[in-house]
Amino acid sequence: MSIRGVHLDIENLIHRYTPKSPLTFDGVRIEAKPGESLVIIGRSGCGKSTLLHIIAGLLKASGGKLRLDNEEVKGPSSRWVMMFQAPHLFPWMTVERNVGVGLHFAGWSKDKLRDRVAEAISLVSLDDYAQNNVQDLSGGQQQRVALARSLVMEPEMLLLDEPFSALDAFTRAALQRDVRSISKELGFNLVMVTHDIDEAVLMADRALVMAGSPGKIMHDISVDLPDPRNREDPEVQKMRRYLMDTFEEAVALQKGNGGTQTKVGSLSRMNGISEPAG
Amino acid sequence: MSGATQTMQANESNTSMMFKSTGRELVNFVAGLLILFVVWYLGIEWIASDPDKANFADFGPIPAFNAFPWLWEDGIIQDAVTASGYRLGVGLLIAIAIGVPIGIVMGTSKRFREYSNAPFQLMRMVSPMSWEPIAVLAFGLAGATVIFLVAIAAVWPIIFATAAGLAKVDPAWFKVARNLGASRWHMLTQIIIPAIAYDVLTGVRLALGVAWIVLVPAEFLGVSEGLGYAVQDAKESLSYDSLMAMILVIGTVGYLLDGLCVLALKRYSWHK
């Protein structure tokens, strides 16, 4: 499998569900380099999932620009694939057929897609389950199938909408580690939304704090920590505390005066514990 | 105890349970039929014990079974089953061809569902046999009339089961499929049809039951072959033993067709 990243460029993006409804988010600006992992954290209702759906091309923005490698996003594409909160596998299909369904939609013949599907299944360590019906798998295994179904498309960007929130702690930790290592190995971008600060620290190159109504990106924080990341590591713990404080400060600021200031920083700049990333 | 030994014991236990379950089903099947035939026999004996109703004896199970050899040798059973089977098959196919697309539109379009609810519910409640005069005017006294009546009886369960199946489809499957680049054709063939197959087949099973019930009276008039015709012919020739034999054929074929539907439901069901 050969995957590369993409340059993501979002400028003054705004969204409202109907012309008369209030703004979901306002003036969102994000830029990401190829291969970078962005994690957007925020409380429920701040518009982070809507933003992700717009990046995936599943929803239309009400204004602003969204470009991938200088190309405007006009709809869904196999170049940027989304993984949802629940795996939403097709229960009438085996693991193999679920993983290959996107390639089938793209017109690949059964013979041609077989090797690539096997490779994707192997990547998520489900080789022994290829012929099983997906209903026979555990929640964690099902989410792995959903990951393989996304990876088989060789996306330049993988969008994750709280994909591990319904899993038990052990499975969640294993998948967080695996998704990050696979993304770094294959070089594709990750854009993930979560309200789990630990997850943000473990998976992000940069954490974007989104708050307010309409939602705004309040902080852009570089998470410059070595891999593999361990949640017991003091550096990880320190970053977690910093992110939590920043998040609460952003929420308080929004509640207090409706402030919209976007602050760009990193733990290294604030506490001097490591050099900022790029 | 080794894993292999445990697996072997588990397999033996499963096989033994399967045999027990199949054996019990077989005993229940035979016992149920025996009870039916005994009740039938005793009922007819009791009615025929009245000298004024002595000719009711021909309705009993023994004369009916005795009629089978000559009905078979004369090809009456085969011809009747073939003719009725053809009409039932064509009528059901027409009902599926009309019912499934309408059910899909009904399940996907709220406006269509709202507009169609009153007329569909009204027409569904009309006995299929009420359409016979119109069908005779349109198609004449021919097999086409029977096919029309079968189709109009069978179409409603298929429409409503398809629409109900679609209402149960997880909307996220469409989002995922769109996200993976599915075209409208893929959406229909790879997502919608497999997702609703079980409900459609449940509708077909219900439709088959209704159609089979409608088929026999529909063949009482204007056709010269089929199970309904055979029953009518037996009645008019006072051949009550063959009349009961044909009723047994109708019941048996209907039971077998329902069994085929159950097999298809098991084969295409993805619900666990």
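FYI, it's all coordinate maths here, none of it is from the lab. Everything quoted here is computed from the prediction, not taken from an experiment. Don't worry about glycine lacking a Cβ; one is built from the backbone with ideal geometry, like all the others, and counts go over all protein chains shown.
Overall shape: prolate for region A:90-154, with the ratio a/c of the largest to smallest alpha carbon gyration tensor axis at 1.5 or above and a/b above b/c. Of the GluC sites (Glu not before Pro) in region A:166-260, the ones in a loop by DSSP (not H, G, I, E or B) with at most 13 other beta carbons within 10 Å are A:GLU232. Angle between the Cα long axis of helix A:234-257 and the longest principal axis of chain A, 0 to 90 degrees, nearest 10? Its long axis makes an angle of about 60 degrees.
Need one word for region B:1-159: rounded, prolate or oblate. Basis is the Cα gyration tensor (sqrt eigenvalues a ≥ b ≥ c); a/c below 1.5 gives rounded, then a/b vs b/c decides. Oblate is the answer for region B:1-159, as a/c is 1.5 or above yet b/c matches or exceeds a/b.
What shape does region B:74-268 have by the C-alpha gyration tensor, where a ≥ b ≥ c are the square roots of the eigenvalues, rounded means a/c under 1.5, and otherwise prolate means a/b greater than b/c and oblate the rest?
Working: a/c = 3.06, a/b = 1.99, b/c = 1.54.
In terms of gyration-tensor shape, prolate.
Once both axes come from the Cα atoms, what is the angle between helix A:139-151 and the longest principal axis of chain A, in degrees from 0 to 90, rounded to 10? Once rounded, the angle reads 90 degrees. Dipole magnitude for chain B: computed about the Cα centre from +1 point charges on Lys and Arg Cβ and -1 point charges on Asp and Glu Cβ, it is near 2000 debye.
In the protein assembly as shown, the calculated helix contribution to ellipticity at 222 nm averages -19000 deg cm²/dmol per residue, counting -39,500 (n - 2.57) for every DSSP H run with n ≥ 4. Here the Debye sum runs over all C-alpha atoms of the protein assembly as shown as equal scatterers in vacuum, and log10 of I(q)/I(0) at q = 0.08, 0.11 Å⁻¹ comes out as -0.73, -1.03.
Compared with the direct C-alpha span, the chain from B:VAL262 to B:ILE35 gains 79.3 nm at full extension, assuming 0.36 nm per residue. Over 26 Å apart at the Cα level, from the set A:LYS60/A:LYS112; A:LYS20/B:LYS168; A:LYS60/B:LYS175; A:LYS33/A:LYS216; A:LYS48/A:LYS74, are A:LYS60/A:LYS112; A:LYS20/B:LYS168.
Based on the Cβ-Cβ distance of B:MET187 and B:PHE139, what FRET efficiency does E = 1/(1 + (r/R0)^6) give at R0 = 41 Å, to the nearest 0.05?
On the way: r = 37 Å, r/R0 = 0.91.
Working from the Cβ atoms, E equals 0.65.
Beta carbons within 10 angstrom, averaged per residue: use that to sort the peptides B:239-246, B:102-109, highest first. Can you show the working numbers first?
On the way: B:239-246: 23.0, B:102-109: 19.4.
Ranking, from highest mean packing down: B:239-246, B:102-109.
Once the Cα atoms are used to define both axes, helix A:95-105 deviates from the longest principal axis of chain A by about 80 degrees.
For chain B, which DSSP H helices look membrane-span-like by this rule: Cα extent along the axis of 18 Å or more and mean Kyte-Doolittle of at least -0.5? Qualifying helices: B:3-48, B:61-73, B:76-108, B:143-167, B:193-218, B:240-268.
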